[in-house]
Amino acid sequence: MSRKRATLKEVAERAGVSIATVSNVFSGRKPVNDDLRIKVERAAKELSYQVDRAASQLKSGRARVVGVLVPDLDDTFFTSLISRIEVMALKDGYDVIVASSRDDRHLEESRLQTLLGWRPSGIIAVPCSDTVPAILAREVGHLPMVLVDRVMPGSVAADTVTIDNFEAGEIAARYLVEMGHSDIVLAASHLDIAPIRERVRGATSVVERMLGRTPAAIGLGSNAERGAELFTHWLERHPLPSAVFALTNVTTLAVLTALARQRIDIPEQVSIIGFDDYTWMSARKTALTAIRQPVDEIARVAWERLQARIAGDAADPYPSILNTSLQVRDSTRRLVPSPVGERLKGVEEQGVDPAGDAVKDRPNSIH
């Protein structure tokens, strides 16, 4: 015979506190001092008590749940973002439900429909395309939401958190040009996604201005293995470039895999700048120079904006734009000594990047 589920009252009696205190511990509606919270949590564990989310939802009209939608759980950037949001949500007494659209618009609508079925307190979403999902567009003004990464600031009537993608492209391209590189390839994921187009546009503007030529931009998709096949195919049909700027962490993996299969040495034959700067990029014999996205800051700002909206902030939508930084390592090399190269060497020794910003530990800012 199965044991009857423990009740809130039983937890309160076991912990020696009021039912209201137990409720506040699990709902997060009111602060509870650490001693009482520990007593309640211990009693709940001893009784195998589980919070009845459905009952809480019926009482409040909304679950103390936040939905997070991303395009791909295989992408380290998105999983890192989710991880940081979960930590902040837990601290503030929220559960997080995560869904992936698999970069498919139809699946995206279905996943959002499921998330909204929980009647969440709010949504943090990374759309899989430039178009804000219709189901979210209909909820603007009714449901607190923040759109992150794959959006153009000001393109939708909701708070957005993005990086300055144009500047990120500029920083990487300027560094390569000033290192003496002129044959530069931009390894993109999907050229129909706004942030990627902005990175291409930023890099292209620098190369055209400084060299009078347009760099090649190739789409490798959002799957590293498939991207490696596409880049290998491209390499077999084109002269080897002197440098590659990979515009996402997935395309960075794709480029590295393709070059390894072709036994092309880095940076002796090709210099590489990657994107996102994760631990594996420096845990290599040839550590990667990379553009670093401030993922901690992106998650923090997104969470704070969502919390403000949940609390009733009715101000106009606010676009938060964060800066990236260049982490210089071993995967890029100077081709030939030149006045530009010598100037860059002096700049590096002073600890700044070619754009005039700190190479390491450059603070992120919000515009």
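The values are calculated or read from the model by the stated rules, or taken from the named source; none is laboratory data. Fair warning: this is a prediction, and the values are worked out from it, not measured in the lab. FYI the Cβ positions are ideal-geometry reconstructions off the backbone, even for glycines, and counts take in every protein chain you see.
Below is a table of values for the structure above.
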read-out	value
Condition broken by P127, with the remaining ones in (1) under 22 Å from Q307 (Cβ atoms); (2) surrounded by fewer than 17 Cβ atoms within 10 Å (Cβ to Cβ) satisfied	(2)
Criterion violated by I184 - all others in (1) within 22 Å of the chain's Cα centre (by Cα); (2) surrounded by 20 or more Cβ atoms within 10 Å (Cβ to Cβ) satisfied	(1)
Subset tally (residues that are closer than 24 Å to E178 by Cβ and either buried (at least 24 other Cβ atoms within 10 Å of the Cβ) or out of contact with any Asp or Glu (no Cβ under 9 Å at 6 or more places or on another chain) (or both)) for the stretch 239-275	20
Test: residue in the stretch 172-193 that is on the phi < 0 side of the Ramachandran plot, out of contact with any helix residue (DSSP H, G or I) (no Cβ under 8 Å at 6 or more places or on another chain) and modelled with pLDDT under 95	yes
Top-ranked residue in the stretch 265-317 [being small (G, A, S) and in contact (Cβ under 8 Å) with a residue 40 or more places away in the chain; ranked as farthest from Y94 (Cα to Cα)]	S271
Verdict on M179 being under 28 Å from L247 (Cα atoms) and of a type in the set (A, V, I, L, M)	yes
Unique residue being free of Cβ contacts under 8 Å to residues at least 60 places away in the same chain and assigned by TED's automatic domain parsing to the domain that holds R309 when the list is D75, D130, D95	D95
Conditions (1) of a type outside the set (A, V, I, L, M, F, W, C); (2) farther than 15 Å from T76 by Cβ; (3) crowded, with 24+ Cβ neighbours inside 10 Å; number of the one not met by G227	(2)
Condition check for S331: assigned to a strand (DSSP E or B) and not basic (K, R)	no
Within the stretch 59-70, considering residues that are modelled with pLDDT under 95 and not charged (D, E, K, R), the one nearest to the chain's Cα centre (by Cα)	V65
Qualifying residue in the stretch 94-113 (condition: surrounded by fewer than 19 Cβ atoms within 10 Å (Cβ to Cβ), over 25 Å from L247 (Cα atoms), in contact with a Phe, Trp or Tyr (Cβ under 8 Å, 6 or more places away or on another chain) and not small (G, A, S))	yes
Number of the exception - L306 against (1) in the same structural domain as S80 (by TED's automatic domain parsing); (2) more than 21 Å from A125 (Cα to Cα)	(2)
Selection status of A243, assigned by TED's automatic domain parsing to the domain that holds D192 and over 20 Å from A203 (Cα atoms)	no
Subset of the stretch 173-209 [part of a helix (DSSP H, G or I), touching a Leu at 6+ places or on another chain (Cβ under 7 Å) and over 17 Å from D149 (Cα atoms)]	Y175, V177, E178, A203
Selection within the stretch 38-51 - surrounded by fewer than 19 Cβ atoms within 10 Å (Cβ to Cβ) and at pLDDT 85 or above	I38, E41, R42, K45, E46, L47
Residues located in the stretch 145-164, provided they are in contact with a helix residue (DSSP H, G or I) (Cβ under 6 Å, 6 or more places away or on another chain) and crowded, with 24+ Cβ neighbours inside 10 Å	V146, V148, D159, V161
